[in-house]
Structures are given as C-alpha cells and as structure tokens.
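Written out below as structure tokens is the structure these notes cover.
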Amino acid sequence: MSAVSYGMVVDTRTCVACAACVIACKTENDVAEGFSRDWIFTATSGSFPNLAMEIRSERCNHCEDAPCVSVCPTGASHYGPGGTVQVTESKCTGCKACIAACPYDARFIDPRTGAIDKCTFCVHRVENGTPTTACQEVCPTKSIYFGDLNDPESEVSRVLRVREAYALLPDAGTRPKHFFLK
Amino acid sequence: MQETTSTRVNALIDPSMHIWHYEVPVYLFLGGLVAGLMVIAGLWTLRDPDRPRSRALQLLPWAAPVLISVGMLFLWLDLENPFNAFRFYFTFELTSPMSWGSWILLGVYPASILLAWVSTPTDLRDRWLARLERVPGLGRLDAWVSAHVPLLATLNILLGAALGIYTGVLLGTMAARPLWNSAILGPLFLVSGLSTGAAFMMLYRLERREKELLSRVDMGLISVELLLLALWMIGLAAGGAASRAGLHTIMGGPYTAAFWTLVVALGLLTPLVGEWIEHRHSAVPARLTAVLVLVGGLALRWIIVYAGQHSGWVSDLASR
Amino acid sequence: MKRRQFIRVGGYGAAGAAVAGGLTTDWYGRYGNPTADPGTDGDRVVPSFCELCFWKCGILAHVKDGRVTKIKGNPKDPLSNGHLCPRGAGGTGLLYDPDRLKKPMIRRDVRGSQVFEDVSWDDALGVVAENFERIKAEHGAAALALFSHGYGGSWMKHLVKAHGSPNIAAPSYAQCRGPREVGFDLTFGAGVGSPENTDIRNARCLVLIGSHLGENMHNTQVQDFADAIRNEADIITVDPRYSVAASKSRWWLPIKPGTDTALLLAWMNVIIGEELYDRDYIERYAYGFEQLAEHVKAFTPEWAYPRTGIEPDVIRRTARAMGAARPATLVHPGRHVTWYGDDTQRSRAIALLNALLGSWGRKGGFFVPSQIQLPPYEYPGYLKPDAQAADRPAPSDYPLGDQVLAQGVCDAAITGVRGDSAIKAWMVYGSNLPTTLPDPENTYKAIQELDFLVTVDVLPAEIVGWSDVVLPEATYLERCDELYNPWWREPYVAVRQEVVPPMYDSKPGWWMARELGKRIGLPEFFPWKDSIEYAKTRLEAAGLDCEVMKEQGVIRGKPGPLYFEEGAVPEFYTDSGKIELYSPKLAALGFDPMPTYDHSKLEEPPEGYYRLLFGRAPVHTFGRTTNNRLLSEVYRENEVWVNRDVARRWGLEDGERVYLQNQDGKRSSFSAPVKVTGRIRPDAVYVVHGYGRRAPKLRFVHGKGIDDNELITRYKVDPIMGGTGMNVNFVTFLRAADVVEDEPAVDEPVVVAEEVVA
Ligand SMILES: Nc1nc2c(c(=O)[nH]1)N[C@H]1C(S)=C(S)[C@@H](COP(=O)(O)OP(=O)(O)OC[C@H]3O[C@@H](n4cnc5c(=O)[nH]c(N)nc54)[C@H](O)[C@@H]3O)O[C@H]1N2
Ligand SMILES: Nc1nc2c(c(=O)[nH]1)N[C@H]1C(S)=C(S)[C@@H](COP(=O)(O)OP(=O)(O)OC[C@H]3O[C@@H](n4cnc5c(=O)[nH]c(N)nc54)[C@H](O)[C@@H]3O)O[C@H]1N2
Ligand code: SF4
Ligand code: SF4
Ligand code: SF4
Ligand code: SF4
Ligand code: SF4
Ligand SMILES: [Mo]
C-alpha cells in the first residue's frame, strides 16, 4: 500500500456545473474539437417545488480493476504512473473494445489520430512537478481534489476521511479511484 | 421524477454508444461460419479419412481461409487506426479476448489451408503439385500433412471451436454492456457458427446422404441454439436492473421486432420446421432453409452487436 | 513526445501518410509507455486580465510558437486567485474565432444590408473623422453619442468627452445595475460598485434574490459562494426558477415573479416585530427607524403570502435565520436588477433589510473596500459640453438617474421623440444594441434615422451589420488597455498587456481613439506614444514599479480595515450622514420615502401565456461568446424552460422545438428546443440570454435558439432613475412544425453580397 495511487475527489456540494473544468481540460490537453475528457452531469429529482439537484464533474475513474485495460489487445491501454490508466497512442489500433468495456463511457476516438483519448489525470503535469490537474487548477469553487490515495496526509485522503463519499457504479466491479463527496 | 443533463456529446458515445457498425457483425458472422466449416470439416475428416465423398465436399474446406480473409478485411475496416493493426502481433494480452482472437486467427490460416489441401481431390492436388514443382519444400510438406491428417483435423476442430467461442466471448466479457455480459454468448455463437457452417455447406452440390446428415446435425444445432438463446434471456431477466434494461432492447425496446422476426422466426424456427418436414418426407433438404439459417446467423450477430451498444450502465448513474 | 496528428481521409485515404505515421513511431514496440505531453505549456507566459465578461480577472496567457495555447488564472490576482470561470478559460475561442472582423469596412448599400467594402484604416478613420466634424458643425458636439461597454471603452469615452458630448451611455446602467446603485446610495450613501463589496465568503446567512450565482459566473463571487457553502452558511434563494444557487440552498423560495418587494417588506415586518434586528447598530448609524417600523407593521407574512406565494411560516423561519446570523447575514444586492420598473425601490428594500441586520461594514455582510491612489494622466481639461444629455424627455425626469440612459439616447435619435431629434451620430463600442436595449424594432428605427453610425467591435454582431463604418478591434489578448484600479477587499492595480500581436488588420482601441483624436483636431488629448507609455506615466506617478507590473500583471497594496469592528470608519455619504431608512430625498422628489408594494400594478399573464424570464448560462456572456466554438462545446443553443405540468397541458415533448410569440404578436426569429422541467414555476418560462442571433456572419451561432430581447417589446421605466424593467413580457408557444417557414425569419436584410472578410 505504499506505492503512489492517484485519485480524484469532486465535491458535489460546491460544484456549480459551470464546466470551467471542461474548457480548461480541452485547452491544457489539446482535446479534439467536439470531444471532451470530462463533463458535467446533473440529476434533478422530485417535482416542483420539492426538488433536489446533484451536480457532478465526471471523467475517467482510473479504475483499479479497469476493464478497458484488460480487454485491450495491444497493451495500448495500461496502468501508468500512480496506478492511473493511460493509453499509448502509437500502440492503439482503434479497435474500440475498450470503449465498449468501459461502463462509464469515458473514452472516445480522437478523430485526428484514430487512437483512444480520455482523461489522463494530467500525469504530464503531476509527474513533472505541477501537483494539480488542469481541471482542478481552474475550478472557481475548488471542488476538485487530486492526490495520492495511499498517503494519509494527502488532501484527497483527508477529505475522504471527513466527508461521506461515493464512487460511480460500484457494482460494475471496476474499483474506481474517482470519488464524489455527498 | 428524474431529470438528467450531461454536457458530454462525444461522437460514437453520445447519446448512446454506437462504435461498431456493420463491419463487426459481418466479421463475427463470417468468423462463426468459418469456425463451423473448420469444425465440420475436421469431424468429417476424422470420421471418413478415406474421402469417399462428393467433390463439392472435398473442395469446401477451401472456403474457410477465403471467408476468414474476407472477415478479417471487415475487421480491419472497423479499426480507426488500421495501420497500427500489426500491434496485435507485438504482444499477447492474456485477459483480452481480442488478443486471443488475433492469435487464433493466426493459427486458423495454416490449419485450414493445410486441411483444405489434404481434402482436395487427388487429381487436382497432383496437378497443382506439378505446377508448383519449383516451390522448395512443397513436396515434403505434402508428404508430411498427408501423413498427419488426423492431427490436422483435430487442430481444425480445436481452432474452429476456439474461433467460434471467442467471437461470443469477445462480447460476453463486456461487463459494461449488460445485454452482452453473459457466459452463454460464447457457446451461443459457437453453436450458431456451426449451424451457419452446416447451412453454408448445404448450398453446394452435395450427395443426398451428405445433405441429409448435415440437415440432421443442423436441426440439432438449431434446437440447442434456441435453448441457449432462452437461457441467455432468462439469465438477463434474472440479473440486475442494468441487465433487465439490456434485455429490454430486444423485449419491447427498439430491436424487438428485428430480433423476433429475423433471428427467431425466420432464422431459427422456420428452418427448423423446414428441415423437420423435409426429414419426415425424406425430401432432399432445400437450399432455402440453408439461406434462412445464414440470414438468421447474420441477423443474430447484427442485432446483438447493435442492441448491446444501446445497453449500458450509464442510465443507472442517474438513479443514485 | 509530440502528438502525432495525421489526418485520416475517410479512414484510409491517406494510407501512405498513415503507414508512415504508424510505422515511424517506434513501430517495433519494444519501448514502454512514455508519458505523452500535449505540449501546451507556453514558451512565454504573459499576465493580463480577462475581457470575456466585465469582471476583469487576472490571467496568465501561455504562448507557444506564437499561438496562445491556454489561459489560466493569475494566482497573484485578487479577483481570480488563480482560478477562472469557463469563459475566461475559453478566451482562445474568441482570439481564433474564424468569424472575427478582420479589416476596417465601409457600408456600400442600405443600412442593415450587410454589404461592406474592405478599406484601409486611413480611409475608414478619414470617413469617421469627417462625419464627426460635419455633424458637430451642423448640430453641435452633443449630436454624437457613444454607447460603450467593456474596459477598452475608456479610450472612446475620453475621445467623445474631448469632442464635447455628454451623451455617453452604457447599457450596464439602465439595463443592468443602475437601480441597485441608486437604491444603495440612497440608503448607505454609497453603491456596491463593481466588483461588489459583498463579503459572501464570510456570510453565515446568505440571501439571494434572483442572483443566480453559479450561472452568473462572476468568478470571485462564485469562489466566495463556494466558501459560504463549505462554511455551511444558511443559504436562502428567492427565485421563480430552481437555479443552481437554489439547489445549494437550505431554503428555496419559488416566488411569484415581480413580488419580491412584498417578501422583503414582510421579512422586515418579522425582523422588526420579533426584534431580530441589530438595535445597537440602528441606534448608532440609522435615521428613520421609527418610521420604518411603523411602515412595515401592515406587511405581515400573512399579507405577503397571497401576493408572493411564499407561506407565512417560511417567511418567518427564514427571517429568523437571517436574524440569528446577523450581522454576518448578507442579503445580496443582485446585479442585473432591471426587472419590473420598481427596481430602485426593491433595491432599497434590500438595502434596508441589510441595514436592519447591521451587515453594512460588517464581516459577512458588506466589507469596506479600498483603492490604490493612482493619479490620472494629466490632460487639458475637457470643455463643458455644449448641451445637456439627450437621454430623457425632460431634464427633471428620472431625477436620481446619475448616468446617461442608453435607451434614452437611442430614443433621442428618433424624430419626434426629443423635439427635432437631438442625436445624429452614434459610436458604438463593445455593445450589441439590438440584443441589449429592449424593443429592438425601436433600436432599428433609431439607427435608420442616424446620419452616421460607427461601430468598434471584434465580431460581426448585429450592430455591425447596421453600421456605416466598422472598425475591427484587436481582442483583449492582442492589446494593452487602461490600468485597472478597483475598489476592492484589498487595493491593487492590474494591467492588460498585449499577449500576441493583433491578428489580421485589427487595431487596439487606444490607437483608434488617438488617430481619430488627431484627425478631429484634438491631438492635445492624445500626447502619449502608446498605451504602454500612458500606463507607465500613471504607474510612475503612483510610485509603482513598471517592471514588477509587467512581470506579475498586478501590484497589490496594503489592505485597510475591512469592517467597522476592525476599525473601518463608518461613514455614510447621505444627506443626514446616516443610513437613511426613511429617505427625505425620495420624499422631497415625490417618491415613496420607504418602499411599498402595490399588487394591483402587477400584470398577470393572459390565458395561455407565461412570463418571459431570462438569465445566464455559465459558459457564455450574453451573445458575446455564443459564437465561441470552444465554449459552445458545452452549451450550443438555449432551451425554453417549461414547467412539466404546463408542458403536459400543451403536449410539449422534451426537446421539441418551439417558437415563442409575445403578447404583442412578436414572434421569435428562430425556434429553440423545449426543456421540460420541474425547475420552474408554471406561470413563467425561462431562456438564457444571448441566442437567436440574427447576424448572418456569425456563422456558428446564427439561427440557433431564441433571443429574449426580440420578445421584450415592452418595458417599464423606473421613475426614480430611468432603468428599463424588462421582465414584463408574456409569451406563448408556437410549435416549430406549425410555423410557416416562408415568412422571413430574419428581421434585417440578409443579402450577403460579399464576405465580411476577404
Ligand atoms: N434582453 C436582455 N437584454 C439585456 C440583458 C438580458 O439579460 N436580456 N442583460 C443586460 C445586462 S445585465 C447588460 S450588462 C447588458 C450588456 O449588453 P452589451 O454591453 O451589449 O453586451 P454584449 O451583448 O456582451 O455585447 C458586447 C459586444 O461587444 C463585442 N465585444 C466583445 N469583446 C470586445 C472587445 O474586446 N472590443 C470591442 N470593441 N468589442 C467587443 C461583442 O462582439 C458584442 O458585439 O445587456 C443588458 N440587456
Ligand atoms: N456566465 C455569465 N455570468 C454573468 C454574465 C453573463 O453574461 N454570463 N453577465 C454578468 C452581468 S453583466 C450581470 S448584470 C449579472 C446578472 O446576473 P444576476 O444579477 O445574478 O441575475 P439576473 O439576470 O438579474 O437574474 C436572473 C435570475 O433571476 C431570476 N428571476 C427572474 N425574475 C425574478 C423575480 O421576479 N424575482 C426573483 N427573485 N428572481 C427572478 C431568474 O430565474 C434567474 O435565475 O451576471 C453577470 N455574470
Ligand atoms: S469547474 Fe468546478 S464548479 Fe465548475 S463544473 Fe467543474 S468542478 Fe464544478
Ligand atoms: S473509467 Fe472506463 S476508461 Fe477509465 S479506467 Fe475505468 S473502465 Fe477504464
Ligand atoms: S482501441 Fe486502442 S486502446 Fe482501446 S482496446 Fe483497442 S487498441 Fe486498446
Ligand atoms: S485530470 Fe486532466 S485530463 Fe483528466 S479531466 Fe482533468 S484536466 Fe482533463
Ligand atoms: S468572471 Fe470569467 S469571463 Fe469574467 S473576467 Fe473573470 S474569468 Fe473572465
Ligand atoms: Mo449586467
């Protein structure tokens, strides 16, 4: 349990669905026009005037048991730094098996390359001295936390200790490393 | 009431996944058919090593390498990055059915070609040998395979079965697509492949007794296929909400009519009844039933591939 | 590793290139999985401030190989604190918008025909100067009006003042926050200004009256709002719509539109009645408490209930929550408050409520802002204008309107509205009047009567299509502007710097203003070489280090005491020197000295009609960003929010397209999809402002969605200050399928004879 395990936590209570995280990700990562690695999901329940709304900024969950990795026939999808799930573009055939395998629909084909693209947890930043992801850095409500889940002193560990959290589709058995604070 | 919104509009993913188009079901169909051809050819060879058969039956094994090539062309056409296809052969990924598949395909070629070679009528084979005289080692190879026909036949049966099963396992391991996520899909696709293989053979000018045998086998296969289909659907119905939602795509959802008419009625029940009637009246099985089986086999894969993409967990995400 | 970007032609067309691409990238595959770097870090990082809206957040622009790759928040900037809203992060979408204005243009056909000829700057400025001088000679300097919005407008204001015209208007006054400033000024002797001195982050109870923070993305306010949520402040949101802010609130009060003053009065009734107010504060600082206490006696929660639809019990409990948290209770003053024509009085009521809670000058209420002393540039004094502003029928109208009313200046161009129409020429800087001023037909009418119209813009907006001369401005990333020196939590000065040189043939505003100034004989008002020299002169006069400014983008000063309890001086610049709960000034002018509420004045929607409400989408600023392809990836078109029960009655499906038609038979130019939702009252519909764009050369957004402004054919003018209450229109649905498409969907000619840009 000592190896670094990057994880992300989004506070649904403060997130206002502004999508700054989506725009910042697009420019930071040169994401293809018409595609996004992260997105804003809202669910409103109840009926007028008794309503509740939940807002989530979502992206690849960097699952510990990632079906996208296990189905990949070429090794393009793999576990990278800090247990993140990464794709090596030059190995990707665009067979799309991993898209079908991901229960979160987090992946897409970059039309410029024919290869898979998805959230990288900004490893190009966090592995090279910038400790934040682009979506986290921009967020005006500071609703995104990122860090080492195995380090009890990290911010992610701390918020997960003090706040109730959930992950998406626990039943899918993928062991996501992306959590949402209630 | 639940109202949901998402800002995501990624092509091929939203509003519902549609990554695989006609290429994949066509490939799966041809792969299954080839699997059927290989298994049947292998079994027949083992059963009847002295080849007292119709000329068509002796030539039919050649269909396997030809059709698998066509199938692989479709598979290649589906790749978004087709020129990276060589990457399949720079690694073996234990957990990836597709990786297994690509290596199986690599074995399918020599096995099916060699079996086709030894099945080829002797007069033809001699003529070809004479013409290819200058190819080094061919004579030795011919001698070797002729001496190892049972081994080759067994290899064809094994590789054919692997090919047939893998096309189903490929989809069946996709836990993310509840309609596919079933251990039955492997056997189902194998049996369906065998059945389409038999039907394909019946399109040719075989001897009456050969056709009758194939038709009897096919009746059995169709019955098993119906049983497996039922088991598959019962499994889905007994699964969680996502499985039931997946099942809904063919039970009330958008693919219901196509599934029940093309696959069940036209592709399975009609040929089953047809073959049974032919059998009862000792008539020569007609090509029409064979065509229906083939159409049904294609439709089965087509609909499962399309409907499965419509099924997902994501709809569940709203209701937490 | 650089991203390989070969283009796949129909999948396989570029086979050669693809094979090369595929095979040359480590094809042998023996390497591991190196971390790919998208390579968007700049080789230069330039600090500046944003202009995607008017909040002016500090940014850091990354430039690589001459291209702006990404824009981040400047952590040193006290407004952005290193974070940005989506619009600020999407500024490159404006810089690289292919529809940008690229060359100066002169109109070559009737107004609105969109037939232009590209000309040189010399020719374009020559025509502008000639017209300015001719009109001044024939009608006086005041016959030229300037509409200006956005920070670059400072140069044009300077030019027009030097020219001698008082007719300088901004729609951010009479169409936006004017009533609030007047209402607060009447009460506390000061407005809340921009950025507002609201201490949201420290509030323990936050009351939002329509302020839809989270959709209204003024960055710092949203940052502070999140802090308030984290601090578990008691949040009370009053909005006919379940806004994002409402979803974060403990209390959502889905008020009947237009009745907020009744609610505010009832709150005051409870707060005074149950003695929840800050007695000490009121005694020390306020004037007129007895009158107010007497005044609100009648306005019980039971009185308010049938008017507002908010139950008495809820009114009482929310009032108690406010009382319990005081003085850290902030009743947010709002910003776009021109709703119903009684807006100054509603803003007054908000101010009074804050006064009762003792929140002005207190932690968690309104902090006391400070500013760096930055001497102005030394110019010769402006001459006294040769006429009064032409913005109101009589000089005594709207007596407390202390800025020029944009709609009034518009009217003044129409014959018969102000005698022999006073205004003959407009200069429009960064304001898209046809989508901004209510009743666009009226605006078009005024434009048709003008002798001359010159527009300075960055995009081919509606107003551009009606102009005689179009001057393409360099975007905020391509120019320097006036220094920014706001009153804020801590004093600071920020600089806007040229991140990349202007693209195409666009020019910065300061250059245009100076060149025009020279041509119309005002060189002494433009003595500086460029805006950098101008800024340096001012910075040096203030003793600030220009190099530090250039490197950091901001220089922060020492914060003063923020709250009375920390030593800030309680000063109220009212006539009485106190917080005026009772306003002798209003009384003297014949207005209610304390806010009242007259329910009989509230119009009800006719049968089958719904009140048209509008607001913001977080990723867009009005229409100024809706052609921004990057931002539009998240929000492409507005929807018509329709209550679920209403939709059921009409048989409207979610996503079905409708046109809206208002009470005067005005139909929207385009249709929009219906959003069937529980998130809005049944008596109202809602659209995001900034869509239904008619300008044909905004190729991306043209024809998408519905323009609320077109349907605002009526408005109610605030008698106190002249703001235009625009929430007073009612609309009904026309199914898109039933609308005959051969009627022209565009109310301006769309003859596109030539492309705007060559
Ligand atoms: N119907 C309706 N009317 C409204 C409102 C509403 O919600 N609904 N809101 C009101 C409010 S709150 C306000 S503040 C006003 C705002 O109204 P406006 O001030 O008109 O604001 P925008 O619509 O943003 O128009 C800005 C124009 O500036 C141009 N522009 C953008 N950047 C630059 C630049 O750097 N330089 C120059 N020269 N031009 C630039 C844009 O292309 C656009 O044409 O509208 C008011 N009117
Ligand atoms: N993303 C984004 N942010 C912006 C802007 C932008 O264009 N885009 N513009 C900026 C500008 S210039 C301004 S002025 C501000 C404006 O932003 P605000 O001042 O926050 O909002 P308004 O436009 O006044 O109000 C819109 C809200 O008021 C509600 N509302 C409508 N009628 C009533 C009513 O009768 N009573 C009550 N209680 N609520 C009502 C609507 O449902 C909606 O939620 O936003 C600023 N922030
Ligand atoms: S930037 Fe922050 S507040 Fe905005 S949507 Fe993303 S997570 Fe939510
Ligand atoms: S969210 Fe999807 S793409 Fe990401 S790791 Fe999990 S399965 Fe793979
Ligand atoms: S598309 Fe690429 S990453 Fe995905 S499974 Fe196929 S080869 Fe692997
Ligand atoms: S972590 Fe990086 S790649 Fe992932 S969504 Fe955020 S910005 Fe995009
Ligand atoms: S609030 Fe957003 S758009 Fe406005 S100045 Fe700040 S970053 Fe720019
Ligand atoms: Mo505004």
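The values are calculated or read from the model by the stated rules, or taken from the named source; none is laboratory data. Just so you know, these numbers come straight off a predicted model, no measurement behind them. Glycine also receives a Cβ, built like all others from the backbone with ideal geometry; neighbour counts cover every protein chain displayed. Accessible surface areas use protein heavy atoms only, side chains included; no ligands, DNA or RNA. Shrake-Rupley method; radii C 1.70, N 1.55, O 1.52, S 1.80 Å.
Some notes on this structure:
- Among the listed pairs C:K102/C:K157; A:K118/C:K507; C:K56/C:K363, those beyond 30 Å (Cα-Cα): A:K118/C:K507
- Relative contact order, whole percent, for chain C stands at 18, derived from Cα pairs under 8 Å and 6 or more residues apart.
- Lysine pairs with alpha-carbon atoms under 22 Å apart, segment C:603-738, spacing 8 or more or separate chains: 4
- Of all lysines in the structure, the ones whose alpha carbon falls short of 18 Å from that of A:K142, not counting any fewer than 8 places away in one chain, are A:K182, C:K72, C:K76, C:K248.
- Under a 5 Å amide H cut-off, with hydrogens placed 1.01 Å from N, A:S77 pairs with A:T88 among residues at least 5 apart or on other chains.
- The modelled label-to-label distance for the pair C:K157/B:V70, using points 7 Å beyond Cα in the direction of Cβ, is 7.6 nm.
- Taking all Cα pairs closer than 8 Å and separated by 6 or more residues, the relative contact order of chain A comes to 32 percent.
- Accessible area per residue (1.4 Å probe, heavy atoms of protein chains only) ranks B:F83, C:F225 as B:F83, C:F225, with the largest value leading.
- In this structure C:D280 has an accessible area near 90 Å², from a 1.4 Å probe over the protein heavy atoms.
- Across segment C:575-584, rounded Karplus estimates of 3J(HN,Hα) from the backbone phi angles (6.51 cos²θ - 1.76 cosθ + 1.60, θ = phi - 60°) give 4, 7, x, 10, 5, 8, 6, 9, 9, x Hz, Gly and Pro being marked x.
- Each residue of segment C:94-104 is assigned a 3J(HN,Hα), and the resulting list reads 7, 3, 9, 5, x, 8, 3, 5, 10, 9, x Hz, derived from the Karplus form 6.51 cos²θ - 1.76 cosθ + 1.60 (θ = phi - 60°), x at Gly and Pro.
- For C:A684, residues with placed amide H under 5 Å, excluding near neighbours: C:R611
- With every protein chain in place, segment B:23-318: carbon and sulfur % of accessible area (1.4 Å): 71
- GNM flexibility winner over chain B from B:A162, B:A64, B:A238 (Cα, springs under 10 Å): B:A238
- Comparing mean-square fluctuations of A:G147, A:G94, A:G129 from a GNM of chain A with C-alpha springs under 10 Å, the top value falls on A:G129.
- Computed over neighbours whose Cβ is under 9 Å from that of C:G152, the net charge equals -2, Lys and Arg +1, Asp and Glu -1.
- For C:K536, the accessible area of its heavy atoms, probed at 1.4 Å with every protein chain present, is near 90 square angstrom.
- Separation of the B:V284 and C:R44 label points, Cα + 7 Å toward Cβ, nm: 8.5
- Whole-angstrom gap from segment B:13-73 to segment C:136-191, using each part's C-alpha centre: 80
- Of all beta bridges that DSSP places with both ends in segment C:603-738, some 60 percent have antiparallel geometry.
- Accessible surface of B:M251 - all protein chains present, 1.4 Å probe, nearest 10 Å²: 90
- For the pair B:T91 and C:R284, label points projected 7 Å from Cα toward Cβ lie 7.0 nm apart.
- Relative contact order of chain B, pairs being alpha-carbon contacts under 8 Å that are 6 or more residues apart, as %: 25
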